[in-house]
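Let me begin by presenting the structure, written as structure tokens, before commenting on it.
The values are calculated or read from the model by the stated rules, or taken from the named source; none is laboratory data. All values reported here derive from a predicted model rather than from experimental measurement. Quick reminder, even Gly has a Cβ in these numbers, built from the backbone with ideal geometry, and neighbours come from all protein chains shown.
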Amino acid sequence: MLHSEKKMIHVAAAVIDDGEGNIFLAKRPDDKHQGGLWEFPGGKVEQGESSEVALARELDEEIGIKVNQVEPLIQIPYHYSDKSVFLDVFRVTGFSGEAWGKEGQEVRWVPLNELDSYPFPAANKPILNAVLLPDKLLITKVYNSLSECISGTEGAINNFSLSWFMLRQKQLSEEEYVQWVRGMREVSPLNSKRLMLSCSVGLANSLKADALHLTSQRLMEMSGREEFSGRFLGASCHTQEELNKAQLMQCDYATLSPINPTKSHPDTPALGWEAASSIIAHAALPVFLLGGMNQNDLIQAKSIGAQGIAAINAWCS
């Protein structure tokens, strides 16, 4: 049966944080679809219900909490061999009561750094990535020296409370890039942050990188996710075709650009917010908006379903 012929089951799901870096998970009963796997709690949206109302009802029924405040996190269309689901995922930012397994299901609070060790249904993998990824991504501007790059990156991270940064320096040879990566890794304030490389898959593997960002050309040349040995794989996308390829390669996220006109690519037509919203609506992975972004665009980006924003100049002080 074609995906379009299947009835799409609308599900509201919640990412619940206890305020101390622990996320609430529930284990699916063995006799249910995807039984025995862990998931973010929630349930089916009934006819006539909004996603927010359904989420509040399900969390009350399943784990005994009253939801006070939520914000959208990600929307995921996912097709299993036997059913199709549309996951409407929210981050619960306020609730009352103590979460427990009201229906007899096994539940637990799990530290963020341990989430990867839990088996999830395939449709939950993009949620997991959305939880682990930041909402603000720094891409380094072109620097003349490693010391300038370190200083500029440290300043941006400190000024804007950034936790992930991408080392993109296209002017460097491969040997120079390796030296810069090693130099960045030796700086104490930076080695506590997530360093994403922007280079070939082979070079990233040789450097034992756990995060790699592909250019759109490298993405289109890739034949399988297994080529990269690290944890986080992302890619630059400018079209629906490239975003489809990123999903086929099981990328953990993508950047979509340019949203607004940019000085660096003045001849490249901007997608605009409306087109970006339409593209994101069909994406089954977290998407960062890139191109003419600034700090004030973060709320709007999230409102259309984006993970957040990626930028170069927005973080330059």
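Some values worked out for this structure:
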quantity: Index of the failed condition, residue 192 passing every other in (1) surrounded by 12 or more Cβ atoms within 10 Å (Cβ to Cβ); (2) under 23 Å from residue 313 (Cα atoms); (3) among the hydroxyl-bearing types (Ser, Thr, Tyr); calculated: (1)
quantity: Residue count for segment 94-111, restricted to those that are within 12 Å of residue 66 (Cα to Cα) and assigned to a strand (DSSP E or B); calculated: 3
quantity: Strands (runs of 3 or more DSSP E) (entirely within segment 213-291) containing at least 3 residues that are out of contact with any Gly (no Cβ under 6 Å at 6 or more places or on another chain) and at positive phi; calculated: none
quantity: Checking residue 16 against (1) surrounded by 11 or more Cβ atoms within 10 Å (Cβ to Cβ); (2) more than 21 Å from the chain's Cα centre (by Cα); (3) under 21 Å from residue 128 (Cα atoms), the condition it does not meet; calculated: (2)
quantity: Any hit, segment 62-70, residues being surrounded by fewer than 19 Cβ atoms within 10 Å (Cβ to Cβ) and not in a strand (DSSP E or B); calculated: yes
quantity: Where residue 53 falls short, out of the listed (1) surrounded by 16 or more Cβ atoms within 10 Å (Cβ to Cβ); (2) in a helix (DSSP H, G or I); calculated: (1)
quantity: Condition check for residue 312: of a type in the set (A, V, I, L, M), more than 30 Å from residue 154 (Cβ to Cβ) and in contact with a strand residue (DSSP E or B) (Cβ under 7 Å, 6 or more places away or on another chain); calculated: no
quantity: Residues being of a type outside the set (Val, Ile, Thr), outside any helix (DSSP H, G or I) and surrounded by 19 or more Cβ atoms within 10 Å (Cβ to Cβ) - total across segment 136-155; calculated: 3
quantity: Among residues of segment 195-218, those that are within 19 Å of residue 164 (Cβ to Cβ) and surrounded by 14 or more Cβ atoms within 10 Å (Cβ to Cβ), counted; calculated: 14
quantity: Residues of segment 31-49 that turn out to be at pLDDT 85 or above and either farther than 14 Å from residue 11 by Cβ or not in a strand (DSSP E or B) (or both), as a count; calculated: 10
quantity: Near pairs, Cβ below 9 angstrom, 6+ apart or cross-chain, from segment 285-296 (closer than 13 Å to residue 262 by Cα) to any residue that is basic (Lys, Arg); calculated: 292/263
quantity: Of residues in segment 78-118 being of a type in the set (Gly, Ala, Ser) and under 25 Å from residue 305 (Cα atoms), the one surrounded by the most Cβ atoms within 10 Å (Cβ to Cβ); calculated: 84
quantity: Residue within segment 289-296 that is among the hydrophobic types (A, V, I, L, M, F, W, C), in contact with a Pro (Cβ under 8 Å, 6 or more places away or on another chain) and either surrounded by fewer than 21 Cβ atoms within 10 Å (Cβ to Cβ) or modelled with pLDDT of 95 or more (or both) present; calculated: yes
quantity: Qualifying residue in segment 298-317 (condition: over 18 Å from residue 90 (Cβ atoms), in a loop (DSSP other than H, G, I, E, B), modelled with pLDDT of 90 or more and in contact with a helix residue (DSSP H, G or I) (Cβ under 8 Å, 6 or more places away or on another chain)); calculated: no
quantity: Matching option when the condition is touching a residue at least 60 places away in the same chain (Cβ under 8 Å) and among the hydrophobic types (A, V, I, L, M, F, W, C), among 146, 55, 59, 138; calculated: 138
